[in-house]
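Working notes, structure below.
Derivation of every value follows stated rules applied to the coordinates shown; laboratory data play no part. This one's a predicted model, so the numbers in the text were calculated from it and none came from an experiment. Neighbour counts run over all protein chains shown; Cβ positions are idealised from the backbone, glycine included.
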Amino acid sequence: MTRTDQPTATRTTPRGKVLISGASIAGPALAFWLNRYGYAVTVVEKAGTLRSGGYPIDVRGTALDVVEKMGILPQLRDAHIDLRRLTFLDGDGSEVTSLHPHAVTGGVAGRDLEIRRGDLTDALYMAVRDDVEFLFNDSIDTLDQSDHGVDVTFRGGGSRTFDMVFGADGMHSRTREMLFGPEEQFHRYLGYCFAVFTMRNTLGLSHETVMWNTPGRAAAVYAVGDDDEVHAFLNFAQPEPPFDAFGNPEAQRDLLAKVFADAGWEVPGMLAALRAADDVFFDAVSQIRMPRWSSGRVALLGDAAYAPSFLTGQGSSLALVGAYMLAGSLADRDHAAGFAAYEHNTREFVTVNQEQAGEGDATLFPTTARALEQRNDMLCNLSAMPAAEGRPAHSALTLPEFMPMT
Ligand SMILES: Cc1cc2nc3c(=O)[nH]c(=O)nc-3n(C[C@H](O)[C@H](O)[C@H](O)COP(=O)(O)OP(=O)(O)OC[C@H]3O[C@@H](n4cnc5c(N)ncnc54)[C@H](O)[C@@H]3O)c2cc1C
């Protein structure tokens, strides 16, 4: 692994002991940088191993600078998915238009990355696993803060004291709940639910996505390459979040089967594949918006603090940038000053990216026949060429250089 321009911490005694909850994207990225700045880092993950599934994700703008500084950009470039075509279909399966994906997403050909989620989590994990302690199959049970640190008990048994604790445990963060109370206060539901899972590539698709729409419903099949498997995606409008279905895979399948019962095109086959799939990821399309991202010696990052929703395509990028900014803010400050600097210097970037959910991509899922017609007209008028420049929001932060305390 090539590591780049940041000085390696040379101290022999750690600056402090820290615990990170969650080993997906935000967690290992934060672990990497805190280790660089001299902290002894432990990561606790409730799953038994890294969870590598999920729909391909984007890394764009400022987040590209983060992965470059980490030395993992070359391997991520090798893992880049060269998606060539995005085809939209009507309810009866006839073609509306076919475009370069970047014409729709605002991505920049040759610069922005689209990779399998597992390729990113693997690269981040590999970059830290020799320097950081990982506790899989475990999670925080209780947190008790005092002047001297944070006393933590683990579900798997045992207790330890850390100088700081970080919640990188996703949109439904338990760390956030322990610190700030129920998720409802911060959950901003955007009116849709979605499911992703893998299924056989029965359509023989290659390097392309095909998306079928009727008002309030979308079904898409995403072929990353020429593989036998494709990523299936089902999205539907739902006025209230289906709280009963969260955490209940059978209820999720039943809900999807009901919503898509009379759907045409390949949807019946997708629903059959959904019944058999063992990697279904179902969630609400929502954001997390919080007035503060820290309390005492505990701070949140990534989806736990500021999930932007997949409508922005910026979830992983915000997690990477947030990790860099949070760790850097602690490079030469204590937790109080460091957390204040993290919020002060990162919030604007987060807000401008969360606001992207109201633009562009949201129109991919119109809920009325009239809006769908307008969307189709808009897509037909879009240039078939990829965008030359990305959305300003993606690069709205210039990364500061942080120096560790010696
Ligand atoms: C398996 C999986 C599949 C995904 N697929 C998609 C997708 O298809 N489309 C999409 O838009 N987004 C998906 N996401 C979310 C996406 O990864 C995030 O939006 C984004 O990358 C920000 O990452 P994050 O690290 O902040 O949070 P996340 O990626 O959500 O990671 C949170 C991590 O914390 C762990 N965790 C949760 N609770 C606890 C706990 N109490 N203790 C310890 N660990 C805990 C989780 O297992 C997970 O590894 C997926 C996430 C996961 C975990």
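Work out the FRET efficiency for Asp334 and Asp226 from their Cβ-Cβ distance, taking R0 = 60 Å, and round it to the nearest 0.05.
The calculated FRET efficiency here is 0.70.
Using modelled backbone amide H atoms (1.01 Å from N, in-plane), which distant-in-sequence or interchain residues come within less than 5 Å of Glu45's amide H?
Hits under the 5 Å cutoff: Gly22, Leu135, Phe136, Asn137, Asp138.
With a 10 Å cut-off between alpha carbons and a GNM built on the chain, which of Met70, Met171, Met126 moves the most?
Result for the chain, Cα springs under 10 Å: Met126 fluctuates most.
Modelled label-to-label distance, Glu133 and Thr161, 7 Å Cα→beta-carbon offset: nm?
Placing both labels 7 Å beyond Cα along the Cβ direction yields 1.5 nm.
Counting only DSSP beta bridges with both residues in the chain, what percent are antiparallel, rounded to the nearest 5?
Counting DSSP beta bridges with both partners in the chain, the antiparallel share is about 70 percent.
What is the spin-label model distance, in nm, from Asn248 to Asn381 if the labels are put 7 Å beyond Cα along the C-beta direction?
Result: 4.5 nm between the two label points.
Once amide H atoms are placed 1.01 Å from N in the peptide plane, what residues at a sequence separation of 5 or more from Arg129, or on another chain, have their amide H within under 5 Å of its amide H?
Answer set, sorted by chain and number: none.
Using the Karplus equation 6.51 cos²θ - 1.76 cosθ + 1.60 (θ = phi - 60°), what ³J(HN,Hα) coupling, rounded to whole Hz, does each residue of the range 364-371 give in order, writing x for Gly and Pro?
5, 10, x, 9, 10, 4, 5, 5
Helix-only estimate, please: 222 nm mean residue ellipticity of the chain, summing -39500 (n - 2.57) across DSSP H runs of length 4 or more and dividing by its residues, to the nearest 500.
-9000 deg cm²/dmol
Hey, could you get me the Stokes-Einstein D for the range 284-361, Kirkwood radius over alpha-carbon pairs, 20 °C and 1.002 mPa s, rounded to whole µm² s⁻¹?
For these conditions, the coefficient is 169 µm²/s.
Output the relative contact order of the chain, whole-number percent, from Cα pairs under 8 angstrom with separation of 6+ residues. Write out the running numbers ahead of the final one.
Numbers: 838 pairs, mean separation 95.1, N = 406.
It rounds to 23 percent for the chain.
Quick check: residue separation of Leu399 and Arg347 times 0.36 nm, minus the Cα distance between them. What number comes out in nm?
This chain segment gains 17.4 nm when fully extended.
Can you run phi through the Karplus equation (6.51, -1.76, 1.60; θ = phi - 60°) for the range 165-172 and list ³J(HN,Hα) in whole Hz, with x for Gly and Pro?
These are the phi-based 3J(HN,Hα) values: 10, 10, x, 10, 9, x, 4, 9 Hz.
Computed FRET efficiency, Cβ-Cβ of Thr13 and Glu184, R0 45 Å: what is it to the nearest 0.05?
The pair Thr13/Glu184 has a calculated efficiency of 0.55.
Once you wrap a convex hull around the alpha carbon atoms of the range 214-259, what is its projected area averaged over all directions, in nm²?
Across all orientations, the range 214-259 yields a mean hull projection of 4.3 nm².
Quickly rank 137-149, 25-37, 390-402, 220-232 as a protection proxy: mean count of other C-beta atoms within 10 Å, highest first.
25-37, 220-232, 390-402, 137-149
What are the ³J(HN,Hα) couplings of the range 283-299, residue after residue, when phi is run through the Karplus curve with 6.51, -1.76, 1.60 and θ = phi - 60°? Round to Hz, x for glycine and proline.
7, 7, 8, 8, 10, 10, 10, 10, x, 9, 10, 8, 8, x, 9, 10, 10
What number, in nm² with one decimal, is the all-direction average of the projected area of the convex hull of the alpha-carbon atoms of the chain? Before the final figure, lay out each step's value.
On the way: hull surface 75.8 nm².
Value for the chain: 19.0 nm².
From zero outward in steps of 5 Å, how is the percent of C-alpha pairs of the range 117-241 spread across the bins?
Spelled out bin by bin, the range 117-241 gives 2, 8, 11, 13, 13, 13, 13, 11, 8, 5, 2, 0, 0 percent.
Using Cα pairs under 8 angstrom and six or more residues apart, how large is the relative contact order of the range 165-251, in percent? All intermediate terms of the calculation are to be shown ahead of the outcome.
Working: 120 pairs, mean separation 22.6, N = 87.
Dividing the mean separation by the residue count of the range 165-251 yields 26 percent.
Run the quick spin-label model on Ala369 and Ala261: label points 7 Å from Cα toward the beta carbon, then report their separation in nm to one decimal.
2.1
Amide H neighbours of Tyr192 under 5 Å, counting only residues 5+ apart in sequence or on other chains, H built in-plane at 1.01 Å?
Here Gln238, Val285 satisfy the definition.
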